[in-house]
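Contents: one structure, followed by commentary.
All of the numbers you see were taken from the coordinates with simple rules; none came from a lab. This one's a predicted model, so the numbers in the text were calculated from it and none came from an experiment. Every residue, glycine among them, receives a Cβ derived from its backbone with ideal geometry; neighbour counts consider all protein chains shown.
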Amino acid sequence: MRIELADGDSRAVIARRGAELVHWSVGGWPLTWAPDSAVWPSVSPILFPVVGWARGGTVRIDGQAYPMPVHGFAAGLDFEIVDHDRRQAVLRLCESAATAVHYPFRFGLTLHYRLEGPSLAVDFAVENRDGRAMPYALGIHPGFRWPLSGDEREGHSITFEAAEEPSVPVIAPGGMFSEERRPVPLDGGRLALTDAVLAQEALCFLSVGSRSLRYGAPDGSRLRVDWEDFAHCAIWSRPPAPFVSIESWTGHGDPVGFSGELADKPSMRLLGPGEIRRHAVRYGFEAPVGEA
């Protein structure tokens, strides 16, 4: 089942599987990419309870090893539809026999999508329903059209609200985060998007100072992304595929050689029994002047 949202000339479609945004358009213009199973079969997967790769495909919890897929398991499970109307939808995932195989905690993960004219807001609530502390990481991985508008991919850029470190971690085999860094052609906060820049692994900007960025096209159209309580931002593509993914993360992949407990992995969040942590992302499209 899919949920269709509409507000004015904006449309969004949310799938129960993974609570994934599978389509978003404004004024008839699609902003999310059309998935291609030969390149990347997803549109905007939700990452939980880990972000990135776990070493050896397993995590350790209380001394026991549990298998953990890349980016966790949430994207492959059906969420419950808690509420929805024409402009908003609330979906929830809780513990089950399927999740206990990977993650032995009682939890709730709730997403609230709201379509507000040319903007789409996503609010997250992570709840620890267990009687012990619960480690987690959360992310959202949307793929947007590149080109954002028009037919040319050249001239697009991403501009952070603040100057960021012009280097990112080198991703080692197996998706592990190494201490080595590689330079990124970041001019202050601006990154010109080219196939060459995105030809390697994702550009993982860790502990960013910015809380927003703009993804812009040469004709002046742009997509603004604002986030709350997400520490990291990743930019990823598979050139020459016509998309760029602008990802918001609370955590990241295992460091090279990491073999400790999930709770001790760098950048994991830890929720006490009964606690709820909230996160949010908002996407706003601005059309070229004269076409709004």
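Going by a ≥ b ≥ c, the root eigenvalues of the Cα gyration tensor, does the range 1-140 fall in the rounded group (a/c under 1.5), the prolate group (a/b larger than b/c) or the oblate group?
prolate
Calculate for the chain the 222 nm mean residue ellipticity that helices alone would give, adding -39,500 (n - 2.57) per DSSP H run of length 4 or more and normalising by residue count, nearest 500 deg cm²/dmol.
0 deg cm²/dmol
Please report the spacing between the Cα centers of the range 67-143 and the range 263-285 in Å, no decimals.
11
Out of the trypsin sites (Lys or Arg not before Pro) in the range 15-102, which ones are loop residues according to DSSP with at most 14 other C-beta atoms within 10 Å?
Values: sites: 16, 17, 55, 60, 86, 87, 92; in loops: 16, 86, 87.
Listed in order of number, the matching sites are 86.
Considering only DSSP beta bridges where both residues belong to the range 154-292, give the percentage that are antiparallel (nearest 5).
Bridges in the range 154-292 that DSSP calls antiparallel: roughly 95 percent.
Computed on alpha carbon atoms, what radius of gyration and Dmax characterise the range 44-91, expressed in Å?
Values for the range 44-91 (Cα only, Rg and Dmax): 14.5, 47 Å.
With θ taken as phi - 60° and the coefficients 6.51, -1.76 and 1.60, list the Karplus ³J(HN,Hα) couplings across the range 221-234 in order, rounded to whole Hz; mark glycine and proline as x.
Running phi through 6.51 cos²θ - 1.76 cosθ + 1.60 with θ = phi - 60° gives 6, 7, 10, 9, 10, 10, 9, 10, 6, 10, 7, 10, 9, 10 Hz.
If you take the alpha carbon radius of gyration of the range 75-119 and divide it by 2.2 N^0.38 Å, what ratio comes out, to two decimals?
Numbers: Rg = 13.2 Å, N = 45, 2.2 N^0.38 = 9.3 Å.
Rounded to two decimals, the normalised Rg is 1.41.
For the range 197-247, list log₁₀ I(q)/I(0) at each q in 0.18, 0.27 Å⁻¹, using the Debye formula over Cα point scatterers of equal strength and ignoring solvent, two decimals each.
Debye curve over Cα of the range 197-247, log10 I(q)/I(0) at q = 0.18, 0.27 Å⁻¹: -0.66, -1.13.
Could you pull out every residue, at least 5 positions away or on a different chain, whose amide H is within less than 5 Å of the one on residue 182? Hs are placed 1.01 Å off N in the peptide plane, and Pro or chain starts have none.
Close amide H contacts, sequence-distant or interchain: 168, 170.
Considering only 46, 14, 29, whose Cα is most displaced toward the positive end of the charge dipole of the range 1-55, charges sitting on Cβ of Lys, Arg (+1) and Asp, Glu (-1)?
46
Where nothing but the Cβ of Lys and Arg (+1) and of Asp and Glu (-1) is charged, how large is the charge dipole of the chain around its Cα centre, in debye to the nearest 20?
Computed charge dipole of the chain: roughly 440 debye.
Give me 177, 48 ranked fewest to most by other Cβ atoms within 10 Å of their Cβ, as a rough exposure proxy.
On the way: 177 22, 48 29.
Going from sparsest to densest Cβ surroundings: 177, 48.
Under 1.5 on a/c is rounded, so check that first for the range 2-286, then, if it is not, pick prolate when a/b is larger than b/c and oblate when it is not; a ≥ b ≥ c are the square roots of the alpha carbon gyration tensor eigenvalues.
Oblate shape, in that a/c is at least 1.5 and b/c is the bigger or equal ratio.
Each label point is 7 Å from the Cα along the Cα-to-Cβ direction; what then is the distance between the points at residue 87 and residue 64, in nm?
Distance between the two pseudo-spin positions: 4.7 nm.
Looking only at the chain, where both bridge partners belong to it, what percent of the DSSP beta bridges are antiparallel (to the nearest 5)?
Given both bridge residues lie in the chain, the antiparallel proportion sits at roughly 95 percent.
Once Lys and Arg get +1 and Asp and Glu get -1 on their Cβ, which of 156, 197, 245 lies farthest toward the positive end of the dipole of the range 2-286?
245
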